[in-house]
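Accompanying notes for the structure given below.
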Amino acid sequence: MAGLLDQLTQPQRDAVTHVDGPLLILAGPGSGKTRVVTHRIAHLLEQGIPAWQIAALTFTNKAAEEMGHRVNALAPGAKVWMGTFHRFCAQLLRRHAALVGLAENYSIYDTSDSKQAMKHAIAAAGVSLTHASPEKIASSISRSKNRLVTPEMLQGQSLGPVEAIAAKVYPVYQQHLLTANAVDFDDLLFHVANLLRYNPELRSDLDAKFRYILVDEYQDTNLAQYAIVRALSIDHPNLAVTGDPDQSIYGWRGADIKNILDFEKDYPSVTTVRLEQNYRSTPNILRVADQLIRHNRRRKQKNLFTDNPEGQPVVLRIFESGFDEADGIADDIVNAIARGDATANDFAIFCRINAMTRSLEHALRNRGVPYQIINGVEFYQRKEIKDLLAYLHLINNPCHDVALARVINTPTRGIGAKSIEHLRSFAELNRIPMLEAARRASEIRELAKRSATMIAKFVSLYDRLATKATAPLEEILRFLVTESGYATYLENSANDQDENSPLANVDELITAAVEFDRRHPDDGSLDAFLEQVALVSDTDAFEESSERVTMMTLHASKGLEFPRVFLIGVEDDMLPHARSKEDESQVEEERRLLFVGITRAKEFLQLSCCKRRSIRGDFRPVIPSPFLNELPLQEIERIETKVARDWFNEDFDQSYPDSWDLPEIDVEQSTAPLSVAIEPDEFNQDVPSVELTDDSTDTGGTSSVQEKGKKRLISALGSLKTASDLLTETPTPLTAYREGAQVRHQQYGEGTIVSVTGRGPKRTATIRFDDGDHNFRLAFAKLELVQ
DNA sequence: TGGAGCACTCTTTTT
DNA sequence: GAGTGCTCCA
């Protein structure tokens, strides 16, 4: 224990030894923040503070887990509460559910459950969708909850058009959740914040219980989280928050950077510690990050510095196309691994949007490089998993309408959409859960005899399943899979035995259940398992140790570090993203996003952009990111891969003006120490061979052998094939569809374009056919020009 | 009731 | 380009 303060710098020590009163730790990237936080917890324990008085709140399970490991190493066995905000709230709410009108076995709706509920609420509220999409309504309601605005508070307010519609749906949606004994993610925070606000006694009890609260990534808290933390730190204001305003990247989800910027105003007696020394990156990388972030106005000035050796310059690489970018990076990785300079898990590739990983994925797969992608659509989103979880949810909470609607006819039991709607309206009319309505199916007059029988059968299935509610999870699941007919259903529908087959996924879920049973021999309840499942995310799936290249979005990269980082697509409208350019604060957030990406790199960093990129199906010129001009370009190594111009088809170049050449990027004028132009000779050799294969198909009569040979050759050629395909497949330019033009549509036949509106992918034509006018989005509609 | 075909959407997404 | 969700038809 004596060694707790060894090897800490003075500022780190100040933070660690702080015990009572508010503490703000402004921690730059790579400044040993987690180390400080964990040592501080150990120090608190050393001071004799009971573990149960300490709670450490994080945003991700991953961060909580990491913290848990490290605290355990310093103070083995200490039962400090560590976990995410949402889990913290879920557990509090479990205990005090009645205060907000819920039962303690309430369910947590995931995003798709909420979406379903939202759909019904919108229908029930009877609002028109012409001026607001369901997503817009949902995010408006979510924003309200994050700002602790109740449906009542919106009454009589003057609102924008979308907000006004959302205000009508909001109470209906909340009523649905209440009837279903369910909450959505936002509610976990919202309910707890209100619980604390309206129950002063409970608040002061909890304030006394959680005497020492630590919040990680405080710059990402929203108002609800702020209110919760605040409410728990009134009598015992021992609140320690860590964060970095420069890494606030969740403003779009309601995070308010003001929470950290104003912390010193909220708690005037605060002790502020700045951790500015960086232990992660080379000075080269750090200077680039620092120069960039200095362009933000809303921030707290920090002086980032490091004692690390200089390292190699940051690289800015300019590629002709996204395909070249993918190939170039994949080649670099292969070569570095082949030389023995690095292993696959040294590398990370970051991008702004998930879709951008695709070309990299191809390139790496072609070269046999193992990789992992950290992204959204994962295990718990799979249909079969959602189905089985819905059964579990319904067993645990008979009021879970979304779950009922999902499973009542899965596998098919002859209960169609019509019957389900009858159940729903009967349930709504009587303000009862749908399962209850199903029990009273005989009372529903609209229901056909046959349907009523089928529903009765389902209810009896449900009752059989429900008898297992308290059994070990494995038993529940196995019983459920056979009893519901789901096993047979799966065996009949899909029989491919690859690792992602539905059956394999079901096995994996059972494995997870077994594991859960093992870990929770006593307290393992269905409730707890479902809570666990609802609150894990796919980002948690990141495996640090595995020998793979990691690809992820910039958002997902926060908190991680890698020896070698490639940051792709540093282009205008991508970073900053086209949708984040409305105001300066959004652009600042995008700049922070780039800052986060840059500061993940330990030794090597390459930023790249392309001159052209295939975006949503069409190959378009691209402008470099304005952020590039904010970097210290004189110390950045610029590499541009030159490609023979005539390789690009002339027509193609004309229909897509080369905007790259228009705004001359400052890089040109800067005194770049190194400006290497690479002339890849493979290009000139490979292009004809692609043409050869194309010719062979044109000469008709392709046997399957030829076809296979062609495929193999094409795949061997990698990106060249794709790029050349794009050139030959360039569609009729959208500008050719003008008013008055004659077109042919597969279904409607020939027609005349009456009018054209919108731009880019939104360009829409109204076309008059024999049977009337129809609107088509030109980029997607299957239209032919009639000459 | 399920599948095909079509229109339309596509930023990020800790939980 | 790919995924989703809706509509219409067999």
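The values are calculated or read from the model by the stated rules, or taken from the named source; none is laboratory data. Since we're looking at a predicted model, the values are computed, not measured. FYI the Cβ positions are ideal-geometry reconstructions off the backbone, even for glycines, and counts take in every protein chain you see. Accessible surface is based on the protein model in full, side chains and every heavy atom, while ligands, DNA and RNA are left aside. Shrake-Rupley method; radii C 1.70, N 1.55, O 1.52, S 1.80 Å.
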(message) Take A:V192 and tell me if it is modelled with pLDDT of 90 or more and hydrophobic (A, V, I, L, M, F, W, C).
(response) yes
(message) Against the conditions (1) in contact with a helix residue (DSSP H, G or I) (Cβ under 7 Å, 6 or more places away or on another chain); (2) within 26 Å of A:N61 (Cα to Cα), where does A:K119 fall short? Just the number, please.
(response) (2)
(request) Just give me the residues in region A:414-429 being farther than 22 Å from A:S112 by Cβ and either near DNA strand B (Cβ under 8 Å from one of its atoms) or in contact (Cβ under 8 Å) with a residue 24 or more places away in the chain (or both), in sequence order. (result) A:G414, A:K418, A:S419, A:H422
(request) Kindly list, by first and then second residue, each pair from a residue in region A:4-26 that is among the polar types (S, T, N, Q) and crowded, with 18+ Cβ neighbours inside 10 Å to a residue that is in a loop (DSSP other than H, G, I, E, B) and modelled with pLDDT under 95, limited to pairs with Cβ atoms under 8 Å and residues at least 6 apart or on different chains. (result) A:Q12/A:G32
(request) Out of A:M118, A:M82, report the one residue that is surrounded by 18 or more Cβ atoms within 10 Å (Cβ to Cβ) and not in a helix (DSSP H, G or I). (result) A:M82
(message) Let me spell it out: the conditions are (1) of a type outside the set (S, T, Y); (2) assigned to a helix (DSSP H, G or I); (3) within 30 Å of A:H400 (Cα to Cα), and A:G68 meets all of them except one. Which number is the exception?
(response) (3)
(message) Out of the residues in region A:587-608 meeting the condition of being open to solvent by less than 10 Å² (accessible area, probe 1.4 Å) and part of a strand (DSSP E or B), tell me which one is nearest to DNA strand C (Cβ to nearest atom).
(response) A:S608
(request) Could you check A:I476 against (1) β-branched (V, I, T); (2) under 23 Å from A:T179 (Cβ atoms); (3) at pLDDT 90 or above and say which number it fails? (result) (2)
(request) Please find, among A:A390, A:A348, A:A355, the residue that is open to solvent by 40 Å² or more (accessible area, probe 1.4 Å) and either within 16 Å of DNA strand B (Cβ to nearest atom) or assigned by the TED database to the domain that holds A:A487 (or both). (result) A:A355
(request) Give region A:168-198 a look and list any residue that's small (G, A, S) and either within 24 Å of A:S158 (Cα to Cα) or out of contact with any strand residue (DSSP E or B) (no Cβ under 8 Å at 6 or more places or on another chain) (or both), or say none. (result) A:A193
(request) Report the residue count in region A:228-251 for those that are among the small types (G, A, S), within 23 Å of A:H295 (Cβ to Cβ) and open to solvent by 10 Å² or more (accessible area, probe 1.4 Å). (result) 1
(message) Suppose we keep only residues that are touching an Asp or Glu at 6+ places or on another chain (Cβ under 9 Å), touching a residue at least 40 places away in the same chain (Cβ under 8 Å) and in the same structural domain as A:L404 (by the TED database) within region A:430-473. Which one would you say is nearest to A:L177 (Cα to Cα)?
(response) A:L465
(request) Kindly indicate the residue of region A:408-425 that is closer than 20 Å to A:A182 by Cβ and open to solvent by less than 30 Å² (accessible area, probe 1.4 Å) and also nearest to the chain's Cα centre (by Cα) among those meeting that condition. (result) A:T410
(message) Based on this model, can you work out whether A:A55 counts as surrounded by fewer than 23 Cβ atoms within 10 Å (Cβ to Cβ), in contact with a Leu (Cβ under 9 Å, 6 or more places away or on another chain) and outside any helix (DSSP H, G or I)?
(response) yes
(message) For region A:575-586, give me each residue that is surrounded by fewer than 19 Cβ atoms within 10 Å (Cβ to Cβ) and within 11 Å of DNA strand B (Cβ to nearest atom).
(response) A:H577, A:A578, A:R579, A:K581, A:E582, A:Q586
(request) Look through region A:172-211, keep the residues that are more than 33 Å from the chain's Cα centre (by Cα) and among the hydroxyl-bearing types (S, T, Y), and return whichever of them is nearest to A:S139 (Cα to Cα). (result) A:Y198
(request) Please list, ordered by first then second residue, the pairs with beta carbon atoms under 7 Å, 6 or more apart or interchain, first in region A:30-50 and within 19 Å of A:D216 (Cα to Cα), second charged (D, E, K, R). (result) A:G30/A:R280; A:G30/A:E561; A:S31/A:E276; A:T34/A:E66; A:T34/A:R70; A:V37/A:D216; A:T38/A:R70
(message) Conditions first: (1) more than 23 Å from A:A193 (Cα to Cα); (2) of a type outside the set (F, W, Y); (3) surrounded by fewer than 19 Cβ atoms within 10 Å (Cβ to Cβ). A:S139 passes all but one, so which condition is the exception?
(response) (1)
(message) Go through (1) over 20 Å from A:Y109 (Cα atoms); (2) touching a Phe, Trp or Tyr at 6+ places or on another chain (Cβ under 9 Å) for A:L429 and report which single condition fails.
(response) (2)
(message) Just the residues that are surrounded by 19 or more Cβ atoms within 10 Å (Cβ to Cβ) and either within 14 Å of DNA strand B (Cβ to nearest atom) or on the phi > 0 side of the Ramachandran plot (or both), please, taken from region A:252-274.
(response) A:G254, A:A255, A:D256, A:I257, A:N259, A:I260
(request) Tally the residues that are at pLDDT below 90 and not basic (K, R), restricting the search to region A:244-262. (result) 11
(request) Would you check which residues across region A:544-571 are at pLDDT 90 or above, assigned to a loop (DSSP other than H, G, I, E, B) and touching a helix residue (DSSP H, G or I) at 6+ places or on another chain (Cβ under 7 Å) and list them? (result) A:I568, A:G569, A:V570
(request) State all residues of region A:145-157 that are surrounded by 15 or more Cβ atoms within 10 Å (Cβ to Cβ) and modelled with pLDDT under 90; if no residue qualifies, say none. (result) A:L154
(request) Pick out the one residue from A:Q277, A:Q225, A:Q219 that is open to solvent by 30 Å² or more (accessible area, probe 1.4 Å), closer than 29 Å to A:R591 by Cα and away from DNA strand C (no atom under 16 Å from the Cβ). (result) A:Q277
(message) Looking at region A:426-440 only, could you name the residues that are assigned to a helix (DSSP H, G or I) and within 18 Å of A:H400 (Cβ to Cβ)?
(response) A:F426, A:A427, A:E428, A:N430, A:M434, A:L435, A:E436, A:A437, A:A438, A:R439
(request) Take region A:123-136 and flag every residue that is within 16 Å of DNA strand B (Cβ to nearest atom) and either open to solvent by 10 Å² or more (accessible area, probe 1.4 Å) or on the phi > 0 side of the Ramachandran plot (or both). (result) A:S128, A:L129, A:T130, A:H131, A:S133, A:P134, A:E135, A:K136
(request) Return a yes/no flag: does region A:609-623 have any residue that is within 16 Å of DNA strand C (Cβ to nearest atom), at pLDDT below 80, open to solvent by 20 Å² or more (accessible area, probe 1.4 Å) and among the hydrophobic types (A, V, I, L, M, F, W, C). (result) yes
(request) Name every residue in region A:454-482 that is farther than 17 Å from A:A390 by Cα and open to solvent by 80 Å² or more (accessible area, probe 1.4 Å), in order of residue number. (result) A:K457
